[in-house]
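Chemist: Handing you this structure, nothing more for now.
The values are calculated or read from the model by the stated rules, or taken from the named source; none is laboratory data. What you are looking at is a predicted structure, and each value in this text was computed from that prediction instead of being measured. All Cβ positions, even for glycine, are placed from backbone atoms using ideal geometry, and neighbour counts span all protein chains on display.
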Amino acid sequence: MTVGTGFFKWVGTKSNTKEATENQTKQLPPYNVVLMNDDDHTYQYVIQMLQQVFGYTPERGYQLAKSVDSSGKAIIFTSHKELAELKRELVLAFGTDHRIEGCKGSMSAFIQPA
């Protein structure tokens, strides 16, 4: 299509919608990080872990700790698979709860498609 008058002309092209759609960045499928409840960790431990690993506020950490305690598990984070795997590994490596004698290690967590 040509637009303009006199000496100056603008030439525009019509974009192909199929081509534009193919060039768009595809979203990676989401994965949930799920935290499992146990009797070896205190609310304080869970809140501290969620603050340090995920950057959650103490209030959000408490809400999630309460959810894990009452439901047995809770979705604590959702992202693409690679980041979800990294966050799960950080949870698994967080260490023991020094508030509980005999605590054997970190909490359990797994990832699943969202």
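Chemist: Just give me the residues in segment 50-73 being under 16 Å from Ala93 (Cβ atoms) and out of contact with any Ser or Thr (no Cβ under 8 Å at 6 or more places or on another chain), in sequence order.
Modeler: Of everything in segment 50-73, those that are under 16 Å from Ala93 (Cβ atoms) and out of contact with any Ser or Thr (no Cβ under 8 Å at 6 or more places or on another chain) turn out to be Leu50, Gln52, Val53, Phe54.
Chemist: Condition test on Leu50, is it modelled with pLDDT of 95 or more, touching a helix residue (DSSP H, G or I) at 6+ places or on another chain (Cβ under 8 Å), part of a strand (DSSP E or B) and under 21 Å from Lys104 (Cβ atoms)?
Modeler: Numbers: modelled with pLDDT of 95 or more: yes; touching a helix residue (DSSP H, G or I) at 6+ places or on another chain (Cβ under 8 Å): yes; part of a strand (DSSP E or B): no; under 21 Å from Lys104 (Cβ atoms): yes.
No; evaluated as a whole, the condition is false for this residue.
Chemist: When segment 95-114 is examined, which residues are found to be assigned to a loop (DSSP other than H, G, I, E, B) and of a type outside the set (D, E, K, R)?
Modeler: Gly95, Thr96, His98, Ile100, Gly102, Cys103, Gly105, Ser106, Met107, Ser108, Ala114, listed by residue number.
Chemist: Which of the numbered conditions does Lys81 fail, given that it passes all the others? Conditions: (1) in contact with a helix residue (DSSP H, G or I) (Cβ under 7 Å, 6 or more places away or on another chain); (2) more than 18 Å from Tyr56 (Cβ to Cβ); (3) among the basic types (Lys, Arg).
Modeler: Status for Lys81: all satisfied but (1).
Per-residue answers, yes or no, for (1) surrounded by 13 or more Cβ atoms within 10 Å (Cβ to Cβ); (2) without any contact (Cβ under 8 Å) to a residue 12 or more places away in the chain:
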{"site": "Asp40", "(1), (2)": "yes, no"}
{"site": "Gly72", "(1), (2)": "no, no"}
{"site": "Phe77", "(1), (2)": "yes, no"}
{"site": "Leu92", "(1), (2)": "yes, no"}
{"site": "Gly95", "(1), (2)": "no, yes"}
{"site": "Glu101", "(1), (2)": "no, yes"}
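Chemist: If you don't mind, another one. Among residues belonging to segment 71-90 that are farther than 24 Å from Lys26 by Cα and outside any helix (DSSP H, G or I), point out the one that is farthest from the chain's Cα centre (by Cα).
Modeler: In this case the residue turns out to be Gly72.
Chemist: Between Tyr45, Tyr31, which is of a type in the set (Ser, Thr, Tyr), surrounded by 10 or more Cβ atoms within 10 Å (Cβ to Cβ) and either closer than 18 Å to Ser79 by Cα or at pLDDT below 95 (or both)?
Modeler: Tyr31
Chemist: Could I ask something else about it? Out of the residues in segment 53-70 meeting the condition of being closer than 18 Å to Ser106 by Cβ and β-branched (Val, Ile, Thr), tell me which one is surrounded by the most Cβ atoms within 10 Å (Cβ to Cβ).
Modeler: Val68
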